[in-house]
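Quick note: the coordinates plus some simple rules give every number you see, no bench work behind them. Quantities reported herein were computed from a predicted structural model and do not represent experimental measurements. Note: ideal-geometry Cβ built from the backbone for every residue, glycine included; neighbour counts use all protein chains shown.
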Amino acid sequence: MLKQRQDSVSKIADVLLALSLVLVETLSATHSSQAQTFKVLHAFKGSPDGAEPYAGSLILDDAGNIYGTTINGGDSGNGTCVLGCGTVFKIGNAGKETVLYRFRQVPDGNFPSSGLIRDASGDLYGTTYWGGTSNSCGTVFKISKTGAETVLYSFAGGTSDGCYAQGALFRDVAGNFFGTTEFGIQWGTVFELTESGQESTIHIFAGSPDGTYPVGNLIQDAAGSLYGATQNGGTTGCTGNEGCGTVFKIDPTGKETVLYRFTGGKDGAFPQFGSLVLDSAGNLYGMTFSGGLLANDCITLGCGVVFKLDPKGKETVLYRFTGGRDGASPQASVVRDSAGNLYGTTQGGGDLECVPPYGCGTVFKLDKAGKLTVLHRFAGGDDGYHPLGGVILDKAGNVYGTTTYGGAYGNGVVFKITP
């Protein structure tokens, strides 16, 4: 779910200052790489292969096969979902797509909007946003190598657990799963699920001061603490005084600490599908959908930022999107290579003649010096548009990702960018 609840008013002086900074950043910090090769690996038809890969990133196995989910498509004739309830797919080295599973809503769930994780045996695990057997609050599922699905847990919602699981799962060394629900009980939860299917709620979000709507992935450090982000909540402000979002930590005892509360100013606002990246020094990296700079073609609060958060909770903005050819309104997470470069997507900006004046999105690289290089600007044709999910890298430095819309059949694509 996209929650664009921004209606703040800014002073004329701030607007003029921001516009001047936009011009400076556009001229000095944004570069376009002409050496990249962009290739569509698969264009989704809708039925039977799936449609609209959503917020989750792809995963790769050691053989170079790609795995992911689509939120719609698959079996459009099953009577429960008009366009199909979504799929789990695999793309081999030769670009051939295989549908590993087609969802049917009851009891297996539907609308898988997040990415997958894979164990050493090749089994896949993920979540669905909807469906299941209890109030259609979503499921945690397993897909075997042979394509058999097992529902590990079906969310009930209400006061018992959570509802609407949207982030990908994290699995610890003991085999326990951790994830988030967007709603349920109050304003979302962090949950733990054992291998045997026993679910427990680790944290219930109250809105203020800890945040609301945790829809991104969780990550874990060596000490066993979990880190994540919420779309809204924290301090009052932003739209309707709901707060601009938070970054949080949950230690192994279940204690939650808010590491940072976004203000909606230059620091950013609304980490939408806010997954984080952790480096060896304990720094966290992520993006926000809004905030940063005021710009002509973005929402009042700005076009979003790439940020770094040190272990003490000090935020550094690494890049502020201008809404121009560099991109706008990132909704996914970044990925970090061994040299410390960050890669990601924006769902807007780039080629502003595509869905004017908003643009169709970009794939970018941000180096440690803060120089942003646009690897691809989506044109809205066969290459697709609006990449809502993040990207992944292989050992050779190739970049893989998805667009939610566009492509030859209008249902999104899987793409590869070769350096």
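Annotations for the structure displayed:
- Residues located in segment 134-180, provided they are surrounded by fewer than 22 Cβ atoms within 10 Å (Cβ to Cβ) and polar (S, T, N, Q): SER134, ASN135, SER136, SER144, THR146, THR150, THR159, SER160, ASN176
- Single unsatisfied condition, ILE250 versus (1) out of contact with any Ser or Thr (no Cβ under 6 Å at 6 or more places or on another chain); (2) crowded, with 19+ Cβ neighbours inside 10 Å; (3) under 14 Å from PRO271 (Cβ atoms): (3)
- From VAL258, VAL277, VAL306, residue being within 24 Å of ASP172 (Cβ to Cβ) and in contact (Cβ under 8 Å) with a residue 60 or more places away in the chain: VAL277
- Selection count, segment 189-225, where residues are at positive phi and either of a type in the set (Lys, Arg) or over 22 Å from the mean Cα position of the chain (by Cα) (or both): 2
- Boolean, ASN217 is in contact (Cβ under 8 Å) with a residue 12 or more places away in the chain, under 21 Å from SER275 (Cβ atoms) and either assigned to a loop (DSSP other than H, G, I, E, B) or of a type in the set (S, T, N, Q) (or both): yes
- Of all residues in segment 45-72 being surrounded by 18 or more Cβ atoms within 10 Å (Cβ to Cβ) and more than 20 Å from the chain's Cα centre (by Cα), the one that is nearest to ALA408 (Cα to Cα): GLY46
- ILE143 touching a residue at least 24 places away in the same chain (Cβ under 8 Å), among the β-branched types (Val, Ile, Thr) and within 26 Å of ALA229 (Cβ to Cβ): no
- Top-ranked residue in segment 345-377 [being within 16 Å of TYR54 (Cα to Cα) and of a type in the set (A, V, I, L, M, F, W, C); ranked as surrounded by the most Cβ atoms within 10 Å (Cβ to Cβ)]: CYS360
- Strands (runs of 3 or more DSSP E) contained entirely in segment 265-360, each with at least 3 residues that are within 14 Å of the chain's Cα centre (by Cα), under 27 Å from GLY179 (Cβ atoms) and not small (Gly, Ala, Ser): 284-288, 342-346
- Qualifying positions in segment 91-109 - free of Cβ contacts under 8 Å to residues at least 12 places away in the same chain and either in contact with a Ser or Thr (Cβ under 9 Å, 6 or more places away or on another chain) or polar (S, T, N, Q) (or both): THR98
- ASP326 closer than 30 Å to LYS395 by Cβ and crowded, with 24+ Cβ neighbours inside 10 Å: yes
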